[in-house]
């Protein structure tokens, strides 16, 4: 068995254990190994982690993260994710019972970013795992 495969098996075993028993995650997932299907299955067919509601703390954390990300709109590297940021912001707003959408953290941004013209090339180089000069 290659080391990568062994690490992968150890990791997903830990992940499944955490989904079942780690109270801080809040999943309490009814997962068991099925000999018939030769894999892990939910024993409750109606269970879905997508049905787990976000806590107030989760929503506050997401709002803060969205607020930070929205301040970088217009930067080419962030432009790739603007639709995702917008969708996430809409989903969080929809999850809120009250309309409190105040920005908590505002970052200082210079009018012109030094080296910003290299951002797109840097992102491409990172994705392609190549050296950038």
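The values are calculated or read from the model by the stated rules, or taken from the named source; none is laboratory data. Model, not experiment: these values are computed from the prediction. We place every Cβ from the backbone using ideal geometry, glycine too, and count neighbours over all the protein chains shown.
Miscellaneous remarks
- Which listed residue is in contact with a strand residue (DSSP E or B) (Cβ under 9 Å, 6 or more places away or on another chain) and within 27 Å of residue 87 (Cα to Cα), from 19, 64: 19
- Test: residue 29 is modelled with pLDDT of 80 or more, in contact with a helix residue (DSSP H, G or I) (Cβ under 7 Å, 6 or more places away or on another chain) and part of a loop (DSSP other than H, G, I, E, B): yes
- All positions within the range 31-50 that are within 21 Å of the chain's Cα centre (by Cα) and more than 18 Å from residue 18 (Cβ to Cβ): none
- A search for C-beta distances below 8 Å between a residue of the range 82-97 that is within 16 Å of residue 55 (Cβ to Cβ) and any residue that is assigned to a helix (DSSP H, G or I) and at pLDDT 80 or above, counting only pairs 6+ apart in sequence or on different chains, returns 92/59; 92/62; 92/63; 92/66; 95/59; 96/59.
- Selected residue (only one of 83, 108, 44 is surrounded by fewer than 14 Cβ atoms within 10 Å (Cβ to Cβ), under 30 Å from residue 124 (Cα atoms) and modelled with pLDDT of 80 or more): 83
- Residue in the range 50-80 that is modelled with the lowest pLDDT, counting only those that are surrounded by fewer than 12 Cβ atoms within 10 Å (Cβ to Cβ) and closer than 30 Å to residue 30 by Cα: 53
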